[in-house]
Amino acid sequence: MLFQIVFYIFVTIILLAIVIIYVKLIRPEKYLYDVLRAQGINGEPFVPLFGQLPEIRRYQQANTIIAFHEDLARKHGNIYLFSFGPLTRLVITEPDLLADIFSRTNVQNYIKPPFF
């Protein structure tokens, strides 16, 4: 009887941890990924928790980490998505868009953290 209670508590804790990981880490990033993909932005497939870390590690071990981003830009264009661990990242390398993002007329759209 005691074994069953301990077992059910253990299973409950494991399931609760899985739900928390899903709600806090996976679901928001998947939503962001889906929204950006719906807008026509290409990228690497969404892989929960790990993302493209194994591929990034291979490039890093070969000491060609910049080649990783060059390959993605060649494959997906100047605007693409990739996952760095559990986080979805949008990369923009198109000069016209970067000029628009960094222009002084758009300063109010980009709020800097208080430590800057």
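Packing-wise, with mean Cβ within 10 Å as the measure, how do 54-64, 29-39, 95-105 rank, highest first?
Ranking the peptides 54-64, 29-39, 95-105 by packing returns 29-39, 54-64, 95-105.
Between segment 9-47 and segment 58-78, how far is it from one alpha carbon centroid to the other, in angstrom?
25 Å
Multiply the residue separation of residue 35 and residue 108 by 0.36 nm, subtract the distance between their alpha-carbon atoms, and state the gained length in nm to one decimal.
Taking residue 35 through residue 108 to full extension adds about 24.0 nm, to one decimal.
Against the 2.2 N^0.38 Å scaling, with N counting residues, where does segment 50-109 land? I'd like the Cα-based Rg ratio to two decimal places.
Rounded to two decimals, the normalised Rg is 1.34.
Can you tell me how much longer the chain between residue 7 and residue 27 gets when fully stretched, taken as 0.36 nm per residue apart minus their C-alpha distance, in nm with one decimal?
Fully extending the segment from residue 7 to residue 27 adds 4.4 nm.
Using θ = phi - 60° and the Karplus form 6.51 cos²θ - 1.76 cosθ + 1.60, what ³J(HN,Hα) does each residue of segment 71-87 get, whole Hz, x for Gly and Pro?
With coefficients 6.51, -1.76 and 1.60, one gets 5, 5, 5, 5, 7, 10, x, 7, 10, 8, 10, 8, 10, 10, x, x, 9 Hz.
Highest mean first, what order results for 1-10, 76-85 on Cβ atoms within 10 Å?
76-85, 1-10
Of (1) 11.8; (2) 11.4; (3) 15.3, which is the value of mean projected area of the Cα convex hull in nm² derived from the coordinates here?
Step by step, mean projected area of the Cα convex hull in nm² for this structure corresponds to label (1).
Quick note: the coordinates plus some simple rules give every number you see, no bench work behind them. On a predicted model such as this, the values are computed, not experimentally measured, just so you know. Cβ coordinates were reconstructed from backbone atoms using ideal geometry, including for glycine residues, and neighbour counts include every protein chain displayed.
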